[in-house]
Amino acid sequence: MLFKSPSYFLYGFLLFSITSAFADGTQPLPSLADEGLPDAQYDYGMRLINGHDYKQDPVAGRQWIEKAAKQGKTEAETQLGKMCLEGEGIPANVAPEDSHDYKCAKKWLKKGAANGDKKAYYYLASMYENGLGVQQNITKAFKYYQKAAVAGDSNAQNMVGNYYYYGITPIQQNYTSAKDWFEKAAEQDNLAAKNKLAGMYRLGMGVPVDTNKALDMYKHLCKKGQQTSCFAVSDISEKGK
């Protein structure tokens, strides 16, 4: 087992007390990041990216995330891969068309996936689905979406549901399987999956027609700000189906 410095063991306590530390003017997190602690580097980087407790600075945030990734911090590997994929944390003088680095994305997402990170699976799936820096391969995309879905990622569960719902080649259309995955995603309040389920009950796709259930689901989604669901509520109320 590798020896860990006292600073490492103190990190959990210090991170827990960060809020109170800010109140008296001290800032332990940057100091811990400077010491080279990957957990602190990742946390500090994410706070800079999101503007949480510090002035928002995605460029500096990405730099700290990269430091943590290079030390094998799984979440940092995936986050760096995502940022490379989506062109985030790039200096303002870089042209938008040059901001995406798919080679970087693949490298770091593969590392995150090797450590079982569900978000790394999801972003790799997106790369293969859309042919971003890799040859488009729907079979591989589905495989990675499945891995992420099984690991509990609601967006991936919704995507797997879509593959079965539409019968995206080479996946055969299967409304029962689609419903199962949409329900898993819906349990995590995935609105896209809930919308698909409402439509299935409204139209009787793989399930008996249940207009009342569909209407209840659409009303819930409408309250969440889903305008298409508001239209569905109005349509069902007017037509009765």
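The values are calculated or read from the model by the stated rules, or taken from the named source; none is laboratory data. Because the structure is a prediction, the values reported are computed rather than measured. Glycine also receives a Cβ, built like all others from the backbone with ideal geometry; neighbour counts cover every protein chain displayed. Heavy atoms of the whole protein, side chains included, go into the accessibility calculation; ligands, DNA and RNA do not. Shrake-Rupley method; radii C 1.70, N 1.55, O 1.52, S 1.80 Å.
For the chain, the longest principal axis of the C-alpha atoms and the axis of helix 74-86 are separated by about 70°.
Using a probe of 1.4 Å, the accessible surface attributed to R202 totals some 50 Å² when neighbouring protein chains are kept in position.
For the stretch 25-71, the calculated P(r), taken from all Cα-Cα distances in 5 Å bins from zero up to the bin holding the longest distance, is 6, 28, 33, 24, 8, 1, 0 percent.
In terms of accessible area, using a 1.4 Å probe and ignoring ligands and nucleic acids, V209, V134 rank largest first as V209, V134. Please give me the summed charge of the neighbours of G45: other residues whose Cβ is under 14 Å from its Cβ, Lys and Arg +1, Asp and Glu -1. Here the count lands on -2.
Round to the nearest 10 and give me the degree value, 0 to 90, for the angle of helix 154-166's Cα axis relative to the longest principal axis of the chain. That works out to roughly 30 degrees. Listed by chain and number, the aspartates and glutamates whose C-alpha is less than 14 Å from the C-alpha of K82, apart from same-chain residues fewer than 8 away, are E66, D101, D117. Orientation-averaged projection of the chain equals 17.1 nm² [convex hull of Cα atoms, one quarter of hull surface area]. If you sort V94, V160 by accessible surface, 1.4 Å probe, largest first, the order is V94, V160. Under the convention that each Lys and Arg Cβ holds +1 and each Asp and Glu Cβ holds -1, the size of the dipole of the stretch 45-187 around its Cα centre is about 480 debye.
The angle separating the long axis of helix 211-223 from the principal Cα axis of greatest extent in the chain is about 30 degrees.
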